[in-house]
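Worksheet for the structure shown next.
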Amino acid sequence: MSSTSSASNHRLLRRHHHLPPPCPHLASYLSSRGLRPFRAIHRLLRLRPSGRASLRLDVPTCASCGGGSRRLYACLACAAVSCWDSGHAAAHAGSPGHEIAVDVDRAELFCCACRDQVYDPGFDAAVVLSVRSAVAVSSGSAPSKKRRQVEYRPWTPGTKERALVGEGSSPIGPHSPPPPAGLRGLNNLGNTCFMNSVLQALIHTPPLRNYFLSDRHNRFVCQRRRMKRYKSGGGGRGDNSRNEKKVCLACDLDAIFSAAFSGDRTPYSPASFLYSWWQHASNLASYEQQDAHEFFISMLDGIHEKVEHDQSKTQDQDLYNNHTNLLTGKGDCCIAHRVFSGILRSDVTCTVCGYTSTTYDPCVDISLDLDPSHRSTKTGSMKSRVSNGEVESMMAGQNHGMSTLMGCLDRFTRPERLGADQKFFCQQCQEKQESLKQMSIRKLPLVTCFHIKRFEHSSTRNMSRKVDRYLQFPFSLDMSRYLSSSVLRSRYGNRIFSFDEENDDHVAGADDDDPNASVEISSEFELFAVVTHTGKLDAGHYITYLRLNNQWYRCDDAWITHVNEDLVRAAQCYMMFYVQKMLYYKASESASAS
């Protein structure tokens with residue numbers, strides 16, 4: 001029977017106040033079940049948010065085929081769930097006494113033998129009683145015999161909590177000074193705090209912000225260009241063509257910048273950007289929590305991939321130039337690499353003859369290990385004083401075994417002896433030899449992103465864990481001691497020749513001038529964004545702290561709060577964004593002028 005005819009039968013019942021002819025199978029079931037034939041079903045009834053009753057099942061699937069059909073029926077005799085579309089419900093009704101079932105979705109009686117809905121006043125009374133009980137519980141007037149429900153009460157801060165909030169932060173309200181431009185909350189779209197935290201940092205990255213706000217990437221022009229190319233290329237010929245027409249992460253990022261700097265302070269929902277990112281990274285397309293660093297790399301890769309794909313349709317020489325610029329760290333291929341791209345230098349030295357093999361690798365971030373000699377043991381007191389807010393309590397449990405960002409960078413550029421299983425082929429000895437490897441930074445980007453490896457995975461133990469060790473980081477950072485020029489000078493001493501001149505050919509298109517002569521001029525950086533992770537490995541939350549006009553703001557999805565710098569220093573940093581000092585002060589001056 002269709003839903004339309006079912007509704008008609010209900011109207012007829014109410015209009016004429018009589019029941020249809022009884023079903024012989026239902027009469028047989030009632031006679032064999034005693035006075036309370038629906039006692040078990042009553043405990044399974046639940047009220048949906050829409051107000052409709054249904055059955056509460058752990059796994060609403062057919063017991064025969066495992067399918068999740070829309071038409072599922074639970075047998076009143078044995079509670080077996082069967083689907084109607086594949087005929088399993090009718091087949092189950094072939095056993096005597098198993099003809100009567102309950103529609104799982106609608107909580108209505110159905111005779112699988114007669115293939116029609118049946119009615120019983122006792123069953124309807126049980127459904128009505130269940131609905132009324134659920135409504136009474138939600139309104140706070142539940143009967144005493146029912147299972148105790150926890151009543152929802154909105155949280156209000158107590159005296160101690162008000163003191164903590166008042167000392168450690170100040171909400172941005174109507175009586176507060178106007179917040180900096182572009183400071184706008186982002187709604188959580190379902191475990192998307194990893195995306196919101198990175199987007200907040202990117203929105204306030206000075207070179208990236210200047211690029212999009214100066215209309216260097218106009219999403220409307222880009223859409224028309226993609227539509228024109230889609231039509232001229234015979235659009236509709238497969239998924240790649242459709243994705244080329246619809247997906248452009250740079251366009252969605254341009255829309256986010258426009259929304260953030262529009263002056264509207266209500267939280268913004270970056271749903272279009274999330275959808276486009278899902279199209280680019282289909283393996284991560286879900287509402288599960290993702291890693292913020294993995295999202296950052298994937299997003300930059302999506303912007304670069306789109307630009308490279310567009311330019312590959314114009315001239316091959318442009319594509320070659322983009323590849324060359326990426327290797328040399330000039331970053332002219334796209335805005336992502338223009339802002340974040342740098343060059344790492346790797347020197348592998350033979351311990352037998354001293355021959356050194358040098359390679360250069362482009363990078364958009366630097367991943368740092370915490371010092372393994374410091375263990376994460378919390379032995380400090382967790383008692384806090386209200387005068388220092390929550391900062392003192394956070395620091396007390398993390399100071400033991402404290403690591404520093406400078407120490408992590410020293411360890412990153414320290415010579416490392418490779419094991420016997422990692423011997424490299426020495427071109428001078430003409431055989432595999434043990435070696436020393438040392439990393440350094442050949443070229444610094446405009447914005448340096450540091451990623452702290454807090455998630456450890458052990459293949460031997462088949463387990464993963466999070467490192468909850470505190471990391472001390474400076475607000476101002478001088479990177480000159482980690483540059484290739486400084487590292488080579490400390491290795492060889494002061495020499496009158498360039499240490500890189502013999503390896504310039506390894507970097508295509510390298511400048512004729514000494515690359516180390518001017519690189520130290522722009523080695524001073526200022527911190528402007530910190531992405532933190534709290535919680536466990538499988539259940540955590542990301543928050544971003546932004547430094548705007550030398551004031552710190554806490555961005556927790558849709559909530560923006562002004563905080564003091566002590567709270568930022570005590571945070572468990574996961575990603576840190578440093579911009580060249582000259583660009584930071586220029587951004588602060590322009591923001592103050594506006």
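Brief remarks on what is shown
- Some residue of region 441-448 being at pLDDT 85 or above and in contact with a Cys (Cβ under 7 Å, 6 or more places away or on another chain): no
- Number of positions in region 526-557 that are buried (at least 17 other Cβ atoms within 10 Å of the Cβ), touching a helix residue (DSSP H, G or I) at 6+ places or on another chain (Cβ under 6 Å) and either assigned to a loop (DSSP other than H, G, I, E, B) or in contact (Cβ under 8 Å) with a residue 60 or more places away in the chain (or both): 6
- Count - residues of region 408-442 that are under 23 Å from Asp478 (Cβ atoms) and open to solvent by less than 90 Å² (accessible area, probe 1.4 Å): 12
- Some residue of region 206-223 being touching a Cys at 6+ places or on another chain (Cβ under 7 Å), open to solvent by less than 30 Å² (accessible area, probe 1.4 Å) and modelled with pLDDT of 90 or more: no
- Residue tally, condition assigned to a loop (DSSP other than H, G, I, E, B) and either open to solvent by 50 Å² or more (accessible area, probe 1.4 Å) or at pLDDT 90 or above (or both), over region 159-181: 6
- If the condition is being open to solvent by less than 10 Å² (accessible area, probe 1.4 Å) and in a helix (DSSP H, G or I), then region 275-284 contributes Ser276, Trp277.
- In this structure, Ser464 qualifies as open to solvent by 30 Å² or more (accessible area, probe 1.4 Å) and at pLDDT below 85.
- Residue within region 494-501 that is open to solvent by 20 Å² or more (accessible area, probe 1.4 Å), at pLDDT below 50, assigned to a helix (DSSP H, G or I) and of a type outside the set (D, E, K, R) present: no
- Residue list for region 270-306, restricted to those being at pLDDT below 90, within 23 Å of Pro362 (Cα to Cα) and among the small types (Gly, Ala, Ser): Ala281, Gly302
- Any chance Asp264 is within 17 Å of Asn196 (Cβ to Cβ), assigned to a helix (DSSP H, G or I) and charged (D, E, K, R): no
- The number of residues in region 335-393 being open to solvent by 20 Å² or more (accessible area, probe 1.4 Å), aliphatic (A, V, I, L, M) and modelled with pLDDT of 50 or more comes to 4.
- Residues being touching a residue at least 24 places away in the same chain (Cβ under 8 Å) and open to solvent by 30 Å² or more (accessible area, probe 1.4 Å) - total across region 70-83: 4
The values are calculated or read from the model by the stated rules, or taken from the named source; none is laboratory data. Values in this document were obtained by computation on a predicted structure and should not be read as measured data. Here Cβ is always computed from backbone atoms with ideal geometry, including for glycine, and neighbour counts include all displayed protein chains. Heads up: the accessible areas ignore ligands, DNA and RNA and are worked out on the full protein's heavy atoms, side chains in. Shrake-Rupley method; radii C 1.70, N 1.55, O 1.52, S 1.80 Å.
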